[in-house]
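See below for the structure under consideration.
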Amino acid sequence: MTKSELIAQLAAENPHLRQPDIELIVATIFEEITAALARGDRVELRGFGAFSAKQRDPRTGRNPRTGAAVPVAGKAVPYFKPGKELRERVNGGEPQAPLRARAAE
Amino acid sequence: MNTLTRANLAEAIYTQVGLSRNESAALLETVLERIAATLEAGEAVKISAFGTFLVRQKGQRVGRNPKTGVEVPILPRKVLSFRPSQVLKARINGQPLPRGGQE
């Protein structure tokens with residue numbers, strides 16, 4: 001599913017809203033999360049997951065072709081930790097078939 | 001470091017779009033639920049200029065209880081991963097957006 005498909009679904013479910021408003025709603029959600037991470041804040045959506053930015057230290061990299069050492073600056077990397085409820089839903093809602101059943105095969 | 005929650009996102013929708021606070025909160029929930037349901041069905045969710053949520057199938061492997069050292073099988077499972085887009089990475093580092101657009 002892409003962002004435009006998400007918007008189309010929301011539009012179908014909410015006929016009382018105008019398409020541009022739905023586009024703005026979706027854009028606002030992701031813009032708010034992005035802006036929060038850019039400020040160094042985190043976003044926690046219980047049951048869904050939490051967005052944060054992890055700091056990576058500066059390090060010395062290497063040019064793989066020449067072998068020359070190259071300084072690599074530190075940077076922030078976006079990170080998403082799925083919430084418990086979403087994690088379980090993605091994994092089929094409950095622990096999977098017992099191992100023994102598979103080992104016996 | 002502050003932590004934003006649903007309330008902050010709903011408030012942003014309220015100010016940006018001009019819906020009622022209640023409806024703003026309900027729509028935020030609907031968006032999250034649509035994404036969750038799609039992932040639950042095993043389908044990836046791709047949000048341009050933000051990132052991709054995808055479901056990965058992990059095979060079985062042998063783990064170990066770190067306290068007792070006892071080997072424990074880790075069952076095959078599905079896990080969710082998030083790949084941030086180049087745009088998101090650049091924004092977070094205060095860099096100019098990558099050329100060529102969305103991804």
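The values are calculated or read from the model by the stated rules, or taken from the named source; none is laboratory data. Being a predicted model, the structure only gives us computed values, none of them experimental. Positions of Cβ are generated from backbone atoms using ideal geometry, with glycine treated the same way; all protein chains shown enter the neighbour counts. Heavy atoms of the whole protein, side chains included, go into the accessibility calculation; ligands, DNA and RNA do not. Shrake-Rupley method; radii C 1.70, N 1.55, O 1.52, S 1.80 Å.
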Go through A:29-39, B:61-71 and give me the packing order, highest mean Cβ count within 10 Å leading.
A:29-39, B:61-71
Looking only at other chains, what is the average number of their beta-carbon atoms within 10 angstrom of each beta-carbon in A:5-12?
3
If I model a spin label at A:ALA11 and A:ARG46 as a point 7 Å from the Cα along the Cα→Cβ vector, what separation in nanometres do I get?
3.4
dims of chain A, Cα set, principal axes, largest to smallest, nearest Å -> 60, 53, 27
Rounded to the nearest whole number, the Stokes-Einstein translational diffusion coefficient of the protein assembly as shown at 4 °C and 1.567 mPa s (Kirkwood radius, C-alpha pairs) in µm²/s is 67
In whole Hz, the Karplus estimates of ³J(HN,Hα) for region B:7-16 (6.51, -1.76, 1.60; θ = phi - 60°; x where Gly or Pro) are 4, 5, 5, 5, 5, 5, 5, 4, 6, 6
Can you list the lysines whose alpha carbon is less than 22 Å from that of B:LYS46, not counting same-chain residues fewer than 8 positions off?
A:LYS3, A:LYS54, A:LYS81, A:LYS84, B:LYS58, B:LYS78, B:LYS89
Accessible area per residue, Å², the protein assembly as shown with all protein chains present, probe 1.4 Å:
60
Here the FRET efficiency for B:ARG61 versus B:ARG83, based on Cβ atoms and R0 = 30 Å and rounded to 0.05, is 0.85
In chain A the accessible area split gives carbon plus sulfur, as whole percent at 1.4 Å, a share of 52
